[in-house]
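Readers should treat all values here as calculations from the given coordinates under stated rules, not as data from a laboratory. Predicted model only: the values in this text are computed from it and were never measured. With ideal geometry, Cβ positions are generated from the backbone for all residues, glycine too; neighbour counts draw on all protein chains shown.
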Amino acid sequence: MFTILPGGADALRKQSLRANLTGYAFISPFVIGFLVFTFIPILISLYLSFTNYNLFNDPQWVGSFNFKKMFTQDQKYWNSVRVTFIYVFAGVPLRLMFALFVAMLLNTKSRMVGFYRTVYYLPSIIGGSVAVSIMWRNIFNEQGIVNSLLIFLGIPPVAWYGDPNAALGTLIALSVWQFGSSMLIFLAGLKNISPEMYEAASIDGATAPRKFFKITLPLLSPIILFNLIMQTISAFMTFVPAYIISKGEGTPMDGTLLYSLYLFRQAFMFNNMGYAAAMAWVMLIMVGIMTAILFKTSKLWVFYESKGGR
Amino acid sequence: MFVRKKTALWMLVALLFILPACSGGGSTGGASNGGGDDKPAQESKGKKDTTTLRIAWWGGDKRHEYTQQIVDKYQELNPNVKIDVEYAAFDDYWKKLAPQAAANQLPDIVQMDISYIVQYAKNGQLEDLTPYIGNQIKIDDVNDNVISTGKINDVQYGVPTGVNVLGFQYDPELLNKAGVDSIPENWTWDQYEEIAMKVRDAGYVMDGSMAPDIFFHYFLRTHGYSLYNKEGTALGYEDDALFTEFFGRLARLIKEGAVPSQEKLTQTKGILEESEIVKGMGVGVWQWSNQYVGLQAAVNRPMELAPMMGPDMEKGLYMQPSMFWSITSHSKNKEEAAKFIDFWINDVEANKMIKGERGVPISASIKEAIVSELSEPEKQVFDFVAAMEEKSSPMSPAPPVGSPQVIASLADLVEQINYGQMTPEKAAAAFRQEANGILANNK
């Protein structure tokens, strides 16, 4: 194998090689694993995105055809983009607001607080799993608890997963409900704000809302940024709830056809592996751009104490 | 963060090591895999002269259970054969099979579905069974119409495990409550609509609508057409008025309240317990005969089966193979595999365990032999299928490559009609365009 390396400086290389051999040996499981299971598949998927591949025949090179088709001909694709953006832009802020609200409730010195923290975190431990999605289906199904409540209140029941306007709402509600992990991070952030700040503000006569907007939010803003980015990325990739709730079809009227679900349908139901790979790459770029935008705009609203507020 | 030069070199070396092994999964990977398969077979042959067969199927728990029992029984009777089993639920099964096919690692025997068999056959994954038919696989007691369902372009790629037929599965008592004594013999689509309206007036619903692809296909056949053309390169009908008539009627029944709203249908789709008939609010269901036993158990009231409506039911009706057994082309033990398929079709004891769970058995003598073992609903199904077998015509060619996408597109459009978002006329034109676009790839 070494003959293929460019010649010269061989002795030097050998020496440092020997010195570092142990190190390389120790990291080799990771490096090999990374190459075989992550890096090479990434390259292959990039290659496949320029091909027509149905798993049976050899991939055929079609250039940018998949991307052209995606952007100019495929209405369903744009629909899935639209649905995903609604899901992300409605779901993530709601989730973070809810998480912050609960975190502030749990940031008190009550005796039962440990218990409550565990309970509120539970949905996230089981979060995203198939079981939760099935439970959610049952809560909102025809004779589920939500409809029973509506009937009790004299309101006609809603076919939550049958109504094109309501189905995505239930998915967003599910994502809001799984607020636990962001909540824990907020809680840690809240603990880091020194009580003296609030005391000083109280002495100056600040009201509770004023304290929240002038002390809590600015000091928490780096953590909000972190949560925002992490949650946005994961929201873009949401798959399981939409798959379970719509039986893998994105019904009704493609109202729950999230991007990843449409990608999955193209790949594993229609065997359009090349097209699905192209979709995956566009998704990667999309998420990258979103993250970049969040980072850029963060300069305007994130407050770092260590930099004296800049 | 940046990778150091030396590390980069090492990574390059590792890459060079790994790349040839991974890339070209089709050619090099396939060859080495084949070699891997050879070894254990040869070793064991040298020792005990046993052959190992791999078999894969999809299904639910009940099917896994009895299939394993049959496999055990076969191994007991044939100590020289060892059978490895692989099974999964329907969706997962195809996700598993496709990569195995891509890597030339398919099991010796695979359970095939009508909607996938063309794809696997066309891509050279399945063996032509003609040389085995009549030799290892005996089909003396099998109707020609039935065995030929496993043929694609006159090549036998699969042996059907059993047959199903379409029909109306209903609760006669509820129908009586609506003032309808019985389903008229040779009923027509108009009579169906009349009855449905009476049922609605009595405060019930007629059914849970019809699966678009299956029943539209039936409707086209009664008019002498088919959903796909023979070559599978385009739709098999020219006149969009047929589309408009069929889906217009279904949408009308929904609008009139004789069938639950599309909201409700979408919500309850695929959940037997939530369907109207199980709740005692609906008269019946349109579906395949093999689904009757499960439905009857959930409904838990006396039920009956009624034939499809006409005119020209005989032209439209066909025996649908519930599924096939196929032998894959790279199998090393094709003869042994064929023998196992024969056991499946012609062994009485085995079929007493199957009891028509994979469709009504294709062999006439087996059907007779196991009748005494059947429960009342199972007997109803056997009788219904036997009665319909005489009235059916040969099946249309199996759905072409790309049909799952065509069916998905049809289902989407029908949904839009039923939600009132699109007229049947517009949907007919849109379906033609989309479907022909997908099927054009088969040219």
Exercise. Restricting to the protein assembly as shown, compute how many DSSP beta bridges are antiparallel as a %, nearest 5.
Key: 65
Practice problem: Anything in chain A that counts as a DSSP H helix reaching 24 Å or more along its axis (C-alpha) with Kyte-Doolittle mean of at least 0.0? List them, would you? | Solution: A:10-34, A:75-106, A:217-236, A:273-301
Practice problem: Calculate the mean, over all residues of peptide B:64-71, of how many other protein chain Cβ atoms lie within 10 angstrom of the residue's Cβ. | Solution: 0
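If you take each beta carbon of peptide B:313-323 and count the beta carbons of other chains within 10 angstrom, what is the mean?
0
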Exercise. Sort B:L77, A:L94 so that the residue with the fewest other Cβ atoms within 10 Å of its own Cβ comes first and the one with the most comes last.
Key: B:L77, A:L94
Quiz prompt | Neighbouring partner chain Cβ atoms per residue of B:257-267, average, 10 Å criterion | solution = 5
Practice problem: Rounded to the nearest 10 degrees, what's the angle between the helix B:5-22 long axis and the longest principal axis of chain B, both from Cα atoms, 0 to 90? | Solution: 70
Quiz prompt | Within chain B, helix-based [θ] at 222 nm, where runs of 4 or more DSSP H residues each add -39,500 (n - 2.57), nearest 500 | solution = -15500 deg cm²/dmol
Quiz item: Could you give the dipole magnitude of the protein assembly as shown about its Cα centre, charging the beta-carbon of Lys and Arg +1 and that of Asp and Glu -1, in debye to the nearest 20?
Solution: 4780
Quiz item: How high is the FRET efficiency from A:R210 to A:I293, r the C-beta distance, R0 25 Å, rounded to 0.05?
Solution: 0.25
Exercise. With label points built 7 Å along Cα→Cβ from the Cα atoms of B:R252 and B:R63, find their separation and express it in nm.
Key: 3.8
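Roughly how many debye, to the nearest 20, is the charge dipole of the range A:1-124 about its Cα centre, given +1 on each Lys and Arg Cβ, -1 on each Asp and Glu Cβ, and no other charges?
So the dipole magnitude of the range A:1-124 works out to roughly 540 debye.
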Quiz item: Any idea how far apart A:L149 and A:D58 come out in nm if each label point goes 7 Å out from Cα toward Cβ?
Solution: 6.0
Quiz prompt | Under 16 Å from the Cα of B:K269 - aspartates and glutamates, other chains or at least 8 residues apart | solution = A:E142, A:D163, A:E249, A:D254, B:D207, B:D213, B:D412, B:E415
Exercise. Counting other Cβ atoms within 10 Å, keep those with at most 14, restrict to DSSP loop, and tell me which trypsin sites (Lys or Arg not before Pro) in the range B:246-331 are left.
Key: B:K279
Quiz item: Structure shown: which of A:K214/A:K299; B:K279/B:K379; B:K198/B:K255 lie over 22 Å apart, alpha-carbon to alpha-carbon?
Solution: B:K279/B:K379
Quiz item: Among A:A25, A:A292, A:A201, whose mean-square fluctuation peaks in a Gaussian network model of chain A (Cα, cutoff 10 Å)?
Solution: A:A25
Exercise. First select every other residue whose beta carbon is under 12 angstrom from the beta carbon of B:Y204; then total the charges, Lys and Arg +1, Asp and Glu -1.
Key: -1
Practice problem: Kindly state, to the nearest 0.05, the FRET efficiency for A:N20 paired with A:L43, given R0 = 35 Å and r defined as their beta-carbon distance. | Solution: 0.85
Quiz item: Under 14 Å from the Cα of B:K62, which aspartates and glutamates turn up, not counting those fewer than eight places away in the same chain?
Solution: B:E357
Self-check item: Of B:K315/B:K426; B:K73/B:K352; B:K95/B:K443, those spanning more than 23 Å from alpha-carbon to alpha-carbon
Solution: B:K315/B:K426; B:K95/B:K443
Self-check item: Cβ-defined net charge surrounding B:V278, 14 Å radius [Lys, Arg +1; Asp, Glu -1]
Solution: -2
Quiz prompt | Furthest towards positive pole of dipole, B:P400, B:N346, B:Q421, structure part the range B:323-441, Cβ charges | solution = B:P400
Self-check item: Ascending count of other beta-carbon atoms within 10 Å, so fewest first, for B:E415, B:E376
Solution: B:E376, B:E415
Quiz item: Under 5 Å between amide H atoms, partner at least 5 residues away or on a different chain: which partners does B:T130 have, H built in plane at 1.01 Å?
Solution: B:Q156
Quiz prompt | Label-point separation, B:L272 to B:T130 (7 Å along Cα→Cβ), nm | solution = 4.1
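To the nearest 20 debye, what is the magnitude of the charge dipole of chain B about its Cα centre, counting +1 on the Cβ of each Lys and Arg and -1 on the Cβ of each Asp and Glu?
1980
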Practice problem: Under 12 Å from the Cβ of B:Y237, count the other residues' Cβ atoms, weight Lys and Arg +1, Asp and Glu -1, and hand me the total. | Solution: -2
Practice problem: Assuming R0 = 56 Å, can you tell me the calculated FRET efficiency for the pair B:A440 and B:A202, based on Cβ-Cβ distance, to the nearest 0.05? | Solution: 0.70
